[in-house]
Structures are given as structure tokens and as C-alpha cells.
Amino acid sequence: MTVTALLVSHDGARWLPAVLDGLQAQTRPPERVVAVDTGSTDASVDLLTDRLGTDAVLRAGTTSSYGAAVRLGLDQLVDGPPADHVEWVWLLHDDSAPAPDALERLLEAAAQAPSASVLGPKTREWPSLRRLLELGVTISGTGRRETGLERGEYDQGQHDRTRDVLAVNTAGMLVRRDVFDQLGGFDPRLPVFGNDIDFGWRAARAGHRTLVVPDAVVFHVEAAHRGVRRTPLTGSHRRSERRAALYTLLVNGSLVALPFHLVRLFLGSLVRAAGLLLVRAPREAYDEVVALLATYLRPDRVVTGRLERRRTATVPPRAVRHLLAPPWLPYRHGLDFVTDVASAVGHQAGELSSARRSRRGGTLETGPVPAEAQNLPDDQGLIARLLTSPTAAVFGLLVVLALVGARGVLGAGQLSGGALLPAPGSALAWWEVYLESWHEVGVGSAAPAAPYLLPLAVAGTLLLAKAWLLVDLLFLLVVPVAAFGGYRFLLRVTGARFPALWGAVAYGLVPVLAGSVNQGRLGTVVAALCLPWLAHSALFLSGSHPTDRRWRAAWRTALWLALVTAFVPIAWVLAAALALVALVARPVRNHAPTAVTVAAVPVLLLPWTVQIFGRPGGLPWLAEAGLPAVDLLGRIGPWDVVLGRPVQIGAAPGWISAGIVLAALAALLRRDTRSRVLPAWTVLVVGLVVVALVPETVWLGFLLLVVQAAGICAAATAGSGVGAMISGTSFGWRQPVGLLVVAAALLSPVAGLVWWAMEGVSGPLDRRPVQTVPTYMAEAARADPDHGTLVVRGDRRAGLEYLVRRGDGQRLGDDTLAPAPEAQRELTDLVGRLATAAQPEDIETLSRYGVAYVYAPPPADVVLSGNLDSVSGLAPASAVRPGARAWQLDAEPSDDALPSPAESLRPWLLAAQLVAVVVAAVLAAPSRRVRR
Amino acid sequence: MTVPRSGRRVADRTPRQVAGGTVAAAVLVAVAVVAVLLTGSAAPDDDRSGGTEGVLVDHALDGCLRADPPRGTRTSVVTGAAPVRGLGSGGSIRFGEPGELAGAEERTPARGELVVPDPGRGETADVLAVEATGELAAGLFTFRSDTGDGTAAVARCDSPRAQWWFTGAAATLTHTSELVVANLDPGAAVVDVRVLGPEGEVETLGTRGITVPPLSSTVLELTELAPQGEDLAVNVVASRGRVVAGLSDSYAPEFGSEPGTEWLPDQASASRVVRLAGLPRRADEHVLVVANPSGREALVAVEVSGESGSFTPTDVAQVRVPPGAVVSTPVTEAVPGGAAAVTLRSPVPVTATVRSTAGGDTSYAGSVRALAGPAVAAVPDRLRSSVQLTGGEQGGTAGIVAYDAAGAQVGATTLRLDPGATNAWSPAGRAAYVVVEPREGRVHGAVAYAGDAGLSQVSLRPVLVRVTRPAVRPVVAQSAS
């Protein structure tokens, strides 16, 4: 028995000394050592010739594959031993150092299992030397190299059992020379990667056994696999590995399963590529696709490979199936991946918050920590933190007050009133409304649903489709949650806890937010929740951050801005104006991230954008989520703007925010913080300018919220360290003025808290039954959509509003489906005639709009009622509520006059929106560090 | 002479930096102040449609009520479309009992030409309905007149509506009234009738929720509703449907004398300013009757507009009307001879009339409004007609044109009215109706009739050519509030 060690090297001078030392230190040294160098450009050849002698070192071309190099080395051994002599070849890489007894253990195992033709050692990571790399390998149905080990698993002997495997790594592989020759050596079509698995599979098909011998240990750098070593043959190592895996599967699998494999690998590769794109690994996705194409576009290679294997195979494919990875393994990996990502995200958040806490606590670790200290719990419990932290105490108080404030609207029924419609029975209804192109509301509408239904649908679905719960949470917890967002933002901006805490509470309790809740202004409420996070992500757009960070911030800001714009379209206008001002005032080298932030939003809100840009007039930009509820808007004066009080109904008293205004003005006086205060003031002023440009017949809540928030931000920024500043300077006018301002500013949130606790949610938002027409009408419409009810509200002086009610009636989201007024011109004229001088033929026309009832909610217009009473074709019906009037049409309603659905581009636009959102989300995610 | 460079550089830079920040802050504050002051100046953006544009009336319906006139009374109904520049004579006019209207003969008179329903139809039918369609509906007017021995009554035949007020009714031996409520529509109407008396609201039985069947009329005797009631006010409110209501009044100045009949002028609603016009030029007695439907006491200031101007009568400068009550006050002394009108001002809405008696007949001055456009009144033959117009605080001018029954112009004048003064003009004998058109200032008025038969008055009926269609807006959702 002779053993020839065959070492192939390529630019391995870094590791070769240790490898050669290991070879030299073998307790059972090989009889011969042959080294083949494939065109190294470093000192590899010199090292080899120094230690092995010139004769033992062969040189091959740079382009010769691993298999060719091995073949070259073996060809040198023509003067081999006689035929009955067993000759072993021990393959080594220039980055694999054997343990001193490696060869001895391998040969022992070979002696104990004479049927084994290929034996492999346990490979451990080099240089850590402790982590397991491989104990034999196999391949899964998707082409993944399976070792059966956890990543970075420590070797504690837990896998030390000699067993049959499909293949062993070529680093340390001991193979019988005759078997190797019989199988034709390594496949030349696999230049570097994957030839071990392919060889093992072929050996198995030829009836040979492959054993892994854990007692024999080889330390392996896996230089090519990890991309440490690049050769012309490896190219992109990921692409080569993938290509090799696909090839191996296709040429070695059974012929019967080949079509299945072809399809599965093709689709699987595309899915993998898409997944890699999702985790921001576009290069890997590219490699995946290129490898797939390179394999599938060369069927001749597969055919040739299969023919060759057919010649050497002696056992059927099923005989080696037990050596392959089980079929469920890829799915298990998929599940693991998702779990890993989820836990990593959670972990990262936890790490960030504990890092913040330790920063705040000033516990900077400057040296080694004693072992005892390490054993102590390094984090306080939740309860302890809540009890000791003023921040936690403040937010705890806010949550309690939120429940106290909501006392008036607890109970049965649904939150509605003011600008808010009751939530639908299920959040799935939002999906339906958002996705469908034609809406069966009123006379039918092709109007694209407003974009805010998408986030509502997503959030509502996560709440087990309980739409009402989402609306309740948004309205009843907006104060503490908005304050929390404000706190996180201000902490980032000011770096000081107490100014941030003051600003957060002041933000949560600004009168405009209370007014928004009371008036049921969903748009402003959601915007108040998102605004701090939007501002937070926009902070990183500034030129002082690295480009990569700025780009991620740009996409993240775009997503937040799209979310806010979906609820409050004018947010986009404001953001565009701010971006313009920022670019002019602070020119930075690269404008692209800021521009992308603004430009991406219309794409992210796609189907709706087409409508809003295609429609003249500014009205769609001014409309918020929910009803306009113009009757709730009072006349707004300069002081209302200054104090952020857009309405008379439901808003907190304006003086509550007087302290904020004073503090914001005083913030400009402090010189050392002025450079940081001015941006906030710029936002404030741009907000005020937009307020001035907007007609006062629309709800100004969001704009005033931004103005107030900017004022709070300015005040909090100037307020950081104000105590030290006041006490640190010599006495002058600054001390009393500063104290006064601080006192006034502190009074604002305190007064807000007291007012809110006393007043609570006072309406018009209320919890009430949903029904707005008599039940029998709703039932009739539910049974047959053509039995709609024409609801006419208002009076002749203020104007009449009408709608055709079907099914469950109007629910949150239906307000977005208003068809263009011109599309309803005929029906509008008809209602006008009914209110002026109704004729019997008008009633007949009405019946052809799928209307069975006419209902005038209280107080019913007298003239309209008289007109409808006087016309034939209408019979008075029960109106149930006092002051209301109802009529039933004599004619059987039909849908003859209703327009029919038209072709729509909406599905395509929705698909484009989906792509845009996914791309933005991927680009906004943190960069992924590629680990192997 | 040379200053060290480094020192100068430091001294220069610091103030410039401070100045930059201060200037920026000042500019921001200034822009903020300007923006705040400009808030609300942007043009409102409203997508409501309609509202102001008037649409041409293309369908009109009038109802003439029939009471029980004394024997020998001659009733005549005239109807037509008032002359309006630019409007032709398309369409048609039909009249008849409400139920038979659909099959009635269509008349196609020229615009301005009067149509007289078949003689006798007005006497036999309970209600005579007049329906105009097409162009003739614009400016449709219908009047009825009853002239008999010693009595004359001229009344407007109005369109159905929901609310009617009549003041000055009674249920005594010498003075009785009956309420006629007609429903010209194909659906049933439901009316509530309220009666106010001198002691407050009269408790009536069965006057709430009276159903008036389609195309029919109901008569309510006030003697049954409020027996022995003097000076009553009657309010008719249709809670469902629309009705034409009329109050036929029979008044004998003395017990046993032949009563004179009159249709009480109606008032659409109680009002804080009530202008009563059409007082007869000569009368034996004028009695002001004021009803206060509100829950508060009304202190009603009285102002009389005579031919030379307006004045406050010293003896009846103010009338105190308890809540829900009707008060009558003689104002014979206060009203001068000649054309006159009375204006009442009250802090709470009231309804009122002036009952004038001359010989055996009475006349009621009805509440009128300032004319917003042309208005029309009939000039029945056998009666002397006097168009009495009163100017507002700034005075005014109005043109009056008289037409004969064929629509030909037979007289015209322009009345100049001093502030608060009442002026009168009598059309020529051939005139069948007059059209009054205000030209300057606020003008209100009525036509007073006098003749051998008796007295009467009718307020000018505005020529309704266009109606304002209410602003109608489709919405997809309505607030639950």
C-alpha cells in the first residue's frame, strides 16, 4: 500500500508553510508527495520547491482546472507499484492543513472498511480551528450543498461517527487510485467548485463506498469558496458554485426525474433570484440568473455528462438516494431563513434600544469587565425601568389619560361622526374597495379608491380583519403614540431627555390634534402618528451623512411620506416645497436622494396619482382621508393659525399652545443653537405659507399640525441645556426672560393634559349605531342592490346633497369613491328637478337608477317634501325618525340607467404600485452584509 | 498704521456670522407674520353646482277655492300668463276639477291674453285647478272675484304650498269664517290646523293630522273649532303634501245686517316686519289685528305710510300682544284718508291684517313683501281698482302697465314714491289686469277695490318666470352627525 499526497496550489503562499508543516508532521507520512502549481503569481512555487524539491513540483497553466491539475499530478506517477498493490491518493489543497495523525486515521479506517474506496476527514475552520466545516457533504434537490451542520458549530465530538456519505471534500480526500482512474477523475466541466460532490455521486453510482472519518482532521480555509482567492477559473465564485450545483444535479439525477428537475431548478432559481433582490443582494441574484442561463443554454454539456456517467454507473439511481439530502430539507431552510430574519430584526431593535439606554446612562465600557460583573443581569426588568424612568412614567400617564379621555366614546356601536364614517364590518372590505376597478356604490363609480385604503387594509388585516379595532386604536391612542414618536425624534435632534419629553407631550396635546380627534379627521390623526417618524428618517438626508445612509434615508423617507400623503395629499406639496427650500438654502453635493424622496411618492401611490394629476383644480390635493365635513369648519383668523386651532368645534382652547409659540419665538434668540433651530423654523414658515395659499373652506389641520410640530422642535432644540446656560452666565436680562419662557412653555403641556383629562373626546366623533336609513330600506338594498335608497340631505338655501345608498351603506373608504360630478350630471339634474318641480316621469327615471326609496333625513326640506308628496309615482313610506320623510317608488326599480363598468388600467397600475413599494422597501432596508 | 491682519480677521468674522443668523431669523419671522395675516385670502374652491342660475318655470298649478257665496253673487275666474319680454306663448293652460284635469281641454292663449274658464264651472266645482305647462307656465296668474249685492271679494288663486297663515277670522254671530283646504296632488296630504285667539292658543279637537284625500278639498267651520272666538288667527301646516288653503270670511257690521264676504289674505309665515297694503281709500272703520304665534310677548310698533310720508300714530304707537294671542286695535283715527299702508315691527314674528269696513262690506289688508320683480293683479270689471304702492326708506319708482283681456296695453304710468309714502294709480276702465314693475328702491303694494258692491283688496302676485333650483351635489358618503 502506497500513499501519494497530491497538493494543488494556486496563490496559496499565505497558507502553504502551515500546510507543508502539517504534511511533514504526519505520523504516517505519505510515500510520495507531488505538488501541482497552477500558475501562482506569489511565492507558492518557491515555497513548494524549497520544501519538496524541484522534481516533486509540477507546473500547470493558470487556466487548468482542479481536475486537470490532479490528473497532471497523477500522470507523473506512471511508475507506480504492481497491479495488486493498493495505491491511495491523498488530495490536499494549498489552504488545507492536515492534523498530524490525519493520514494515519484515514488509513486505519480504510483498513477497517476495505470496501470503502473514498475516505474523507473532518474539516474544521482555519484559522479558528474549532469550528466544524464538513463531515461529508451531500446535495439537496435545489442544488444546495448540505453538510448537516449548523453554521459555525463547534467541534465537541458530537458528530464523531464514521459513516457512509455521498461525498467528501477534496481537501483531505483519500481515494483509491484505481477507482479514481476508473471513474475518469474529476469532471473537467467542473473547474473548481462542486467536483467533490459530483465525484462522490459518480463513485456511489459505480458501487463504491465513501466514508467520512471524523478522527482524521483537516483544517480548511475554503479560500476559493469564501472568495478570498480569485482565479480566472473561479470568476464570480457564487456564480460558479451555483452553476456547478445545477450541472451536478442535472447530470447525476435519474433520467426519469430529469424533466421535473429541469422545471424545478428553473423556477426555483428564479424564486431565489427574486428573494435575493428582496434582501438587497442584486449581485447574488444576478449570479443566480447567469448560472441558470449558462447551464440551461448548454444542453450538450448535460447530455455528454450524462452519457459519461451512464458508462461508469453500475447501480440504479435509487440505490444512492439515501445518501442525498431529504426532499423536505429546502423547505426547512426556507422556514429557518424567515425565522432568522424575523428574530434578527427583533434582536437588532433590542440591541439598539439597550445601546441607547447605556449611552444615556453614561455607562461607557472603557476597559475589561470583571467576570463577576459579566454574570450579573446587564439589563433592568421592564417593571423596574417603568418605575424608575421619568420617560416611562410620562408615557404611562399619557396612556392612562388616553383611556380617561376616551370615556365618552366607550361602549357599543362604531366610532363615527364628523369627518369619520363607520368602519366596515371587516378590513377585507378595504382590500375589496382598493383592488376593484368598478365600485357598486351609488350609481356605480370607476373612481380609483384613495391610497390610504391600502395601509388601512394592511393594518386592519393584521388586526384579524377587525376594522373597527383599527379605527378605535388610531383615534383613542393617538395622543400617547404620537407623543412617543415625537419623543424619539426629539431625542435624536436634541440629544437631551427633558426637552424631548416636554416636546413629545406638547406635540401629543396640541389643540389641533384634539380637534382632529373630536372631528373624526382620520387623515390628520394618522399623519400625527407618522410625522415624527417621517421627520426622523428625513434627518439622514442631510449631506453630512454617508451616501449609502442618505440613499437608504431617501427611500425610507419616501415610504413614510407616501404613507402620510396617502392620508393627507397636501403633505406631498408641503414636502416638495420644503425639499426645494432645503436645496436652495443648503446646497449639498448630491441632490439626488432628496429629489428621489419627493419624486418616488407619486409612483408609490400609483393608481391614485394618475387620477390626481389627470384632474384639473387643486381640490384633490386639499381633500384629506374622510369626509370634508365643511360644516364643522369655522372661520379661521390669524390667531387661530398662530395657536394652531383650525376649528371652533372640538378643539382645545388656543391659549394652551401659547407657551409653545412663545418658546418657538424665544428659540430664535439663543445664538449657540440657532443653526439647528433655523431648519425647524424654515419648516414652520413654509407650512404657514402653504396655509396662507390654501382656501379656508378646507380642513387645515395637517398644515397647522406641521407648523406646531416645527415650533415645538425649535423650542425643544433651543431648550436643551437651557438651565446650564441661564445659570452659567452673569445675571442680566436673559435670566428672567429665559425663566419666563421656560415657565410658559412648561405650562402648555400641563394645561393640555388637564384640559384633555377633563374634556375627553367630546365629539362630534361619537360611538353610535351605524344605521342611517330605516332598517327596512337597508334590508331591501341588501337583498337586491337595485333596491337602493336615494338619500337627500340639506335644504334649499345651503344646497342639497344626495347619494344613492346600497348594501351596508357608507363605510370608511367609500368616501373616496366619488365619481366625477359630470359622470353623475344626469342624476344631479334629476334630483334638482325633484326638489324644484317633480314630474311623474322624473320618478320613473329615478326608478331606472336602481332606486326603490327616497329618504330625507331630519330635518327634511319642506319644499322638497312637498314636491315629492305632490308627485304621482311616489307613495309616502315610514321614515321612523321624527323630522325625517320617506317615500317608496311605485315603479319596480331597475338598473337600466346605471352605467356599466368600463375597462380599467387599474390592475396594471396596482401591479406597478406593488413593484414600486417592494423596490422602495428593499432599498430602504439596511444593507445586507454577505456572510458565508 | 498697519493693523495686525490676524486681529482684524477675527474682529470681522464674528459679527458677520451673528448678523447672518439674525437676518435669517428676522426674515423667517417676517415671512411667518405675512403668511399668517394672508390666511383665508385664497379663493374658496367649491364644486357645488347650480344654486344661482334660474330655470324657466315650465309647469305651474294654481287652485281656486270655492266657498258658499251669498246668493246672487257672480263669480269669475281669470287666468293667463303675464307679459314677459322674450317669452312666447308655447305650451297650454288647462283648468277643471283636480281629478279631471288630465282630460280637460287644452287652451293655448297668447301670452298676456286672459282665459276665462267656462261660465259656471267656477261656481259648481269645489276647487278649480288651473295647470299651465310649457312657456305659458312662466308668469301664470289666476284670480277670482265674487261680486254680489253689497259685497265684493277678489282673491289670488295661489299654488299649493306647505304653510298658510290667516289673521282676522272669527266665529261669532256677526262674523264667521270657514277654512277650505284643497289638495290638488295625487297623494294624500296631512295638515295640522292651529287656531290662536284673544286668550291665547285655542284648544281645538281633531285639527291635528287632518288627511286631505288626493284631488279633493276639506272645509272646516271655525264655529266648530273655536266657538264664539273673536279675532282669530288660523295656521295651516301640511306635514305631508302641499295644499291650497283659503279662509272665507263673512262679516256683518251689525247684527242682522247682510254680511259682506271676503277671502282673507294669506301670509306664508309669521314675520318680524309685516307690511300691510291695500287699505281702502275711504272706510268707516279700520281695525288692526295682530297675532303672535311665538312664546314671547310681542311689542309691535305701528307705522302708517300715508300719501305724504310715514308717521307713527300717537294713540296706537305700540301694540302689546301676549304670547300665542291675537289682539285687535282700532286704528281708524290713525289711518288717514287716501292711499295708506301700515308697517308693523316686532321683536318676535307676528302675523297681522287691517280690517276695514265701509258700508256693509269689509276688506282685509294683507301682508305684502317688497317687490323683487314684476307683479300682477287682476282688475275685475264692475269694481274701481286702485294700485297702491308704498316706497321704502329711500323712496322708489315703479312702472305700472294696464292690459285688457286680450293682452293689449291700455294704460301705463310711472309712480314716484317718496320715502315711506304711499301713492295710488287707477287704471282705465278697459283694463283687465295690471303689471307693476319696481324700477328703483324698495316698493311694495297691493290693489284696493271699491265699488257699489263693496270693498276688497288683493296683494300683488309676483310674476314667477324663473325659479332658483337649489344647489345639488352628489356625495358618496354623508356624515352620521
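Since every read-out is calculated from the coordinates, none of them should be taken as a lab result. For clarity, every value in this text was computed on a predicted model and none was experimentally measured. Don't worry about glycine lacking a Cβ; one is built from the backbone with ideal geometry, like all the others, and counts go over all protein chains shown.
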**Request:** Starting from the amide H of residue A:57, placed 1.01 Å from N in the peptide plane, find each other amide H under 5 Å away whose residue is 5 or more places distant or on another chain.
**Result:** A:35
**Asked** Which cross-chain or sequence-distant (5 or more) residues have an amide H under 5 Å from the amide H of residue B:142, H modelled 1.01 Å from N in plane?
**Response** B:157
**Message:** What translational diffusion coefficient, to the nearest whole µm²/s, does the protein assembly as shown have by Stokes-Einstein, given a Kirkwood radius computed over alpha-carbon pairs, a temperature of 10 °C and 1.306 mPa s viscosity?
**Reply:** 39
**Message:** If a paramagnetic tag sat 7 Å from the Cα of residue A:580 along the Cα-Cβ line, which residues of region A:599-614 would have the backbone N under 20 Å from that point?
**Reply:** A:599-603, A:612-614
**Message:** What distance in nm separates the two pseudo spin-label positions at residue A:497 and residue A:160, each 7 Å out from Cα along the beta-carbon direction?
**Reply:** 5.3
**Prompt:** What FRET efficiency would be calculated for the residue pair residue A:226, residue A:104, taking the C-beta separation as r and a Förster radius of 22 Å, to the nearest 0.05?
**Reply:** 0.15
**Prompt:** Want the number for residue A:336 to residue A:388: 0.36 nm per residue separation, take away the alpha-carbon distance, what's left?
**Reply:** 14.9 nm
**Asked** Relative contact order (percent) for chain B, with alpha-carbon contacts under 8 angstrom and 6 or more residues of separation?
**Response** 16
**Prompt:** Given a cut-off of under 8 Å on Cα pairs at least six residues apart, what relative contact order in percent is computed for chain A?
**Reply:** 10
**Item:** Beta bridges per DSSP with both ends in region A:764-914, % antiparallel, nearest 5
**Value:** 80
**Fill in**
Applying a 4.7 angstrom Cβ cut-off across the protein assembly as shown, unpaired cysteine residues come out as A:530, A:713
**Message:** I need the phi-derived Karplus couplings for region A:317-325: 6.51 cos²θ - 1.76 cosθ + 1.60, θ = phi - 60°, integer Hz, Gly and Pro marked x.
**Reply:** x, 5, 5, 9, 4, 5, 8, 7, 5
**Message:** What percent of all Cα-Cα pairs in chain B falls into each 20 Å bin, going from 0 up to the bin containing the maximum distance?
**Reply:** 22, 50, 15, 5, 5, 2, 0
**Request:** Can you put B:363, B:269, A:236 in order of Cβ neighbours within 10 angstrom, beginning with the fewest?
**Result:** B:269, A:236, B:363
**Message:** Per 0.36 nm of contour for each residue apart, how much would the distance between residue A:631 and residue A:303 grow if the chain were fully extended, relative to their Cα-Cα spacing?
**Reply:** 110.3 nm
**Asked** Tell me, what ³J(HN,Hα) does each residue in region A:697-712 have, in order and in whole Hz, if you take phi through Karplus 6.51 cos²θ - 1.76 cosθ + 1.60 with θ = phi - 60° and put x for Gly and Pro?
**Response** 7, 10, 6, 9, x, 4, 4, 5, 4, 4, 4, 5, 4, 5, x, 4
**Complete:** If R0 = 25 Å, then residue B:345 and residue B:173, at their Cβ-Cβ distance, give a FRET efficiency to the nearest 0.05 of 0.10
**Item:** Label-point separation in nm, residue B:332 to residue B:254, each point 7 Å along Cα→Cβ
**Value:** 1.3
**Item:** ³J(HN,Hα), Karplus 6.51/-1.76/1.60, whole Hz, each residue of region A:100-110, x for Gly, Pro
**Value:** x, 9, 4, 5, 4, 5, 5, 5, 4, 5, 5
**Label point 7 Å beyond Cα of residue A:611 along Cβ direction - residues of region A:545-570 with amide nitrogen under 16 Å** = A:565-570
**Request:** Specify the angular offset, from 0 to 90 degrees and rounded to the nearest 10, of the alpha carbon long axis of helix A:237-252 from the longest principal axis of the alpha carbons in chain A.
**Result:** 70
**Charged-residue dipole, Cβ positions (Lys, Arg, Asp, Glu), the protein assembly as shown about Cα centre, Debye nearest 20** = 7380
**Long-range amide H partners of residue A:209 with built H, under 5 Å** = A:117, A:118
**Prompt:** Exposure proxy check: A:530, B:64 ranked by fewest other beta carbons within 10 Å?
**Reply:** A:530, B:64
**Complete:** Computed over region A:40-190, the relative contact order (Cα-Cα under 8 Å, seq sep at least six) in percent reads 29
**Asked** Under a plain spin-label model, where a point goes 7 Å from the Cα along Cα-to-Cβ, how far apart in nm are residue B:393 and residue A:463?
**Response** 5.8
**Asked** Between the helical axis of B:5-38 and the dominant principal axis of chain B, each derived from Cα atoms, what acute angle in degrees is found, rounded to the nearest 10?
**Response** 10
**Request:** Can you tell me how much longer the chain between residue A:129 and residue A:740 gets when fully stretched, taken as 0.36 nm per residue apart minus their C-alpha distance, in nm with one decimal?
**Result:** 213.2 nm
**Message:** Please list, in order, the residues from region A:33-52 whose amide nitrogen is less than 18 Å from a point placed 7 Å along the Cα→Cβ vector of residue A:24.
**Reply:** A:33-36, A:43-52
**Request:** Sort A:322, A:225 so that the residue with the fewest other Cβ atoms within 10 Å of its own Cβ comes first and the one with the most comes last.
**Result:** A:322, A:225
**Asked** Taking every DSSP beta bridge that has both residues in chain A, what percent is antiparallel when rounded to the nearest 5?
**Response** 55
**Fill in**
If R0 = 56 Å, then residue B:203 and residue B:384, at their Cβ-Cβ distance, give a FRET efficiency to the nearest 0.05 of 0.80
